[in-house]
Amino acid sequence: MKVTYDAETDTLTIVFRDVPIAESDEDKPGVILDYDAAGNLVSIEVLDASKRVEEPRSVTVATTG
């Protein structure tokens, strides 16, 4: 998984798998879900991230089990 924040475009992107995107849907205003050809979620893009995410430049990773 890869998380990037582009301050110039104020876009936060979370990529789950590095595969070609076949379809994109704007699920909610400013939240774009990208899917592969099989319909699996590939990535999430958050537009105007500084207004929607508490700290777009900081990532905390937590695992359980």
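The values are calculated or read from the model by the stated rules, or taken from the named source; none is laboratory data. Nothing here was measured: the structure is a model prediction, and the numbers come from that model. We place every Cβ from the backbone using ideal geometry, glycine too, and count neighbours over all the protein chains shown. Each accessible area value is taken on the protein alone, full model and side chains, heavy atoms only, with ligands, DNA and RNA left out. Shrake-Rupley method; radii C 1.70, N 1.55, O 1.52, S 1.80 Å.
Only Cα pairs under 8 Å and 6+ residues apart enter the sum, and on that basis the relative contact order of the chain stands at 29 percent.
Result for the chain in a Gaussian network model with C-alpha springs under 10 Å: among 55, 23, 45, the largest mean-square fluctuation is at 55.
Once the 1.4 Å probe is applied to the protein heavy atoms, the chain comes out at 76 Å² accessible per residue. Here the accessible area of the chain is 49 percent carbon and sulfur, with a 1.4 angstrom probe and all protein chains present. Out of the chain, which trypsin sites (Lys or Arg not before Pro) are coil in DSSP terms and have no more than 15 other C-beta atoms within 10 Å? When the trypsin sites (Lys or Arg not before Pro) of the chain are filtered for loop state and at most 15 Cβ neighbours within 10 Å, 17, 57 remain. Kirkwood hydrodynamic radius of the chain, from the reciprocal of the average inverse Cα-Cα distance over all distinct pairs: 12.6 Å. The label-point distance for residue 23 and residue 54, in a model that sets each label 7 Å from Cα toward Cβ, rounds to 3.4 nm.
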